[in-house]
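I have placed the structure first, in the form of structure tokens, so that the comments after it can refer back to it.
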Amino acid sequence: MSLTHKWLRDNVKPYPAPERVFADIAAALDRFPSLRPKSDIYTFDDGRTQLLLCLHGLLPISFRNAEYNIPVAVWVTHDFPREPPLAYVVPTQEMLVKPGPNLDVSGRSNLDYVQLWARKSEGCSLPALLDAMQAEFSKSPPVYAKPRATTASEQQMSRPTSSQPPEQLLRPISQDSRPNLPPKPQQGPSLPPKPQTPISAPSVPQPPPRPDLGPPQYRPAPPGYQTPAPSVQWIQTPPPPPLQQPIPNLLDEDTNAFLPPSNAPAPPRPPNPELLRLHTAVHAKFSTELASLAQALALDADRLRAHQADLLAGEPAIRDEMARLEAVRDVCRTSADRMRSSVQTAERNVAELRAKGNPSVDELVCSTTIVHNQLINLVAEDNAIEDTIFHLSKALNSGRIDLERFLRSCRLLAEEQFMKRALIDKIQNSIPMGHGVY
């Protein structure tokens with residue numbers, strides 16, 4: 001693989017279809033060795049810029065049996081091959097672009113093949129586009145040489161004579177040379193060279209003419225007589241001296257009749273009224289559009305200034321709100337810390353209670369003093385005795401115990417209940433007012 005192909009492999013990677021781009025450019029380089037690839041920035045009509053591959057160089061054409069080299073540049077877009085390449089003619093300093101139906105003044109070429117590519121890109125390729133450009137430019141060259149002002153004497157000196165061989169009139173065109181293209185046709189007629197008068201050498205004097213005796217007859221020359229060949233020499237006659245105008249009589253004659261002709265250039269051609277009208281209409285249109293645009297921009301500027309004033313005025317309010325929110329945040333953080341500490345304390349208490357286990361009933365119902373605990377126990381025993389007597393009476397009614405046993409048990413329980421109630425009354429009487437237990 002050559003260095004050009006290696007460079008091309010590295011630079012086609014950003015393209016969506018790198019293999020197709022590489023194949024078309026490689027085929028174009030093989031088809032036209034005078035072209036070279038490069039990578040450069042291309043600016044589109046809408047102002048966008050992209051780094052694209054470009055084939056630039058000389059495109060050989062044949063025009064009127066003469067070989068010419070046309071400088072071209074073909075840019076490969078990122079949408080290749082769905083979109084056609086951008087073909088341009090790049091004239092040198094000695095050339096000018098000749099606009100045509102498929103070529104604008106900027107040098108961009110819009111051939112029929114490019115239009116076909118835009119409609120149907122499946123069967124199109126970059127070498128075929130270059131072949132189409134070569135065929136089109138061979139019919140009508142896209143550039144011409146800049147005209148140079150030459151004098152009549154220079155034209156006469158540069159005119160080739162018949163004694164020069166035809167090989168010296170045609171200059172071969174090499175691959176790297178750029179031949180002079182045919183000049184653009186001039187609008188006005190060119191100045192003819194100065195007249196030259198043929199002067200013949202001294203010859204034999206001719207006899208006077210004879211009277212008309214009928215049609216001339218051919219008579220052979222006597223033997224040994226040779227007709228001298230007149231030698232003609234071309235010499236340049238000097239220009240005639242300028243005519244002297246008579247001095248006008250300013251008193252008796254009309255002065256305008258003797259004024260010499262003016263050698264000043266002709267007055268300029270008056271402008272085209274239609275062109276002036278078009279200029280006026282375009283200027284009025286531009287003025288109207290600029291006025292409307294300036295008004296719209298002024299309204300937008302006022303609106304933006306109002307927004308700016310609102311933003312500047314809202315800055316203190318935003319700072320106050322930020323300060324209030326920061327204070328609220330600090331309060332919330334403090335409350336969260338207290339709540340977190342309370343939750344941690346409650347979790348520790350719950351863990352301690354779970355470690356102690358379930359307490360007994362006697363530990364749950366208790367008082368703060370011994371007297372109060374004794375009173376609670378007496379009340380509980382009094383109620384227990386009363387319940388026992390109630391159940392004994394039910395047992396007697398059901399016949400489970402006899403009357404004698406019932407009476408003996410009730411007598412014992414009643415005595416014990418009487419003693420407990422007496423002790424309860426004694427304890428209640430000894431407790432201060434407001435601390436009694438009911």
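Results, tabulated for the structure shown:
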read-out	value
Burial order of peptide ranges 82-88, 119-125 (average beta-carbon count within 10 Å, highest first)	82-88, 119-125
Quotient of Cα Rg and 2.2 N^0.38 Å for region 40-134, N being how many residues it contains	1.10
Sequence of Lys394, Lys139 from largest to smallest accessible area, 1.4 Å probe	Lys139, Lys394
Violating pairs (Cα-Cα greater than 30 angstrom) within the set Lys120/Lys285; Lys146/Lys285; Lys13/Lys120	Lys120/Lys285; Lys146/Lys285
Kirkwood-based Rg to Rh ratio, region 375-438, C-alpha trace	1.14
Amide H partners (placed H, <5 Å) of Thr77, local residues excluded	Leu86
Anchor Lys426: aspartates and glutamates whose Cα lies under 18 Å away (excluding residues fewer than 8 positions away in-chain)	Glu381, Asp382, Glu415, Glu416
Projected label distance in nm at Ala414 and Tyr42, using a 7 Å step from Cα toward the beta-carbon	12.9 nm
Solvent-accessible heavy-atom area per residue, rounded to whole Å², over region 332-371 at 1.4 Å	94 Å²
Modelled FRET efficiency - R0 60 Å, Thr288 with Asp330, Cβ distances, 0.05 increments	0.45
Ordering of 64-75, 34-45, 316-327 by burial proxy (mean other Cβ atoms within 10 Å per residue, highest first)	64-75, 34-45, 316-327
Amide N of region 403-433 lying under 15 Å from the label point, which is placed 7 angstrom from the Cα of Thr368 along Cα→Cβ	432-433
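The values are calculated or read from the model by the stated rules, or taken from the named source; none is laboratory data. Only a predicted model underlies this, so the values are computations on that prediction, with no experimental measurement involved. Quick reminder, even Gly has a Cβ in these numbers, built from the backbone with ideal geometry, and neighbours come from all protein chains shown. The area values use the complete protein model at the heavy-atom level, side chains included, leaving out ligands, DNA and RNA. Shrake-Rupley method; radii C 1.70, N 1.55, O 1.52, S 1.80 Å.
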